[in-house]
Amino acid sequence: ILETNSLKWQLLSRFFLILILLLIIIGILQYVTMKEYLYGGKEQVLDSRFHNLDQYKVQQIQTSEDLIKNSNSLMDKTIDSNMSGAIIDINGNIIAGVSKGSSNMDTNDISKSKDLDRFQQTVPIPKLSQDDYKNLFKQRGTLEGYRLVKDENNNLQIVAFRKIGDLHFPSGLIQLSISAKPVQDILYRQFYIYIAVSILTLMVGGI
């Protein structure tokens, strides 16, 4: 047993502190890098669905009436399997929503507010507050990027938005979302593996 004031103990304790610090730094960098890479891949999947739209026709949707009239068409062209989507008006209200499972069949298609609750009991659409939606309308550009939003079942989803109509004075928003669970599962698995490898590294290093 090493005495706490011995040279060997001081060298060993400092060695462990440095090794633990390095392992923590490497772990954090690895987690952040992998997280950005995996979520970025999911964002590209959503972004590719927006590219299915005819941008000229989307820019011609200038009024609330046009938005309601074209909402189902917009959903049909953007939604893919294992995705959900919604059309949001300028007041921050969801006026249409669609969800597709792995079978490529719609679980529901809603265009009336009275059907929204029934739809969300099946596959909840992640919803922001009306103020958050209104703030999105005020942002510049096409709203590229993604957000992590929890639905009413407390499940995390990756959500992307695009403006409908004029970029400066949009008439609505298209919201697409996909489950973040596959990404979370990979991150958790890599985290547990890294913890196990780190413990083994400390044991070997101590020896």
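Output the residues belonging to region 145-167 that are of a type in the set (A, V, I, L, M, F, W, C), open to solvent by 30 Å² or more (accessible area, probe 1.4 Å) and over 17 Å from Ser129 (Cα atoms).
Passing the criteria: only Leu167.
Among the residues of region 1-37, write down those that are in contact with a helix residue (DSSP H, G or I) (Cβ under 9 Å, 6 or more places away or on another chain), modelled with pLDDT under 85 and among the β-branched types (Val, Ile, Thr).
Thr4
Out of Leu29, Leu11, Leu74, which single residue is open to solvent by less than 60 Å² (accessible area, probe 1.4 Å), assigned to a helix (DSSP H, G or I), at negative phi and not small (Gly, Ala, Ser)?
Exactly one residue qualifies, and that residue is Leu74.
The values are calculated or read from the model by the stated rules, or taken from the named source; none is laboratory data. For clarity, every value in this text was computed on a predicted model and none was experimentally measured. We place every Cβ from the backbone using ideal geometry, glycine too, and count neighbours over all the protein chains shown. Quick note on the areas: whole protein, heavy atoms, side chains included, nothing else; ligands and nucleic acids left out. Shrake-Rupley method; radii C 1.70, N 1.55, O 1.52, S 1.80 Å.
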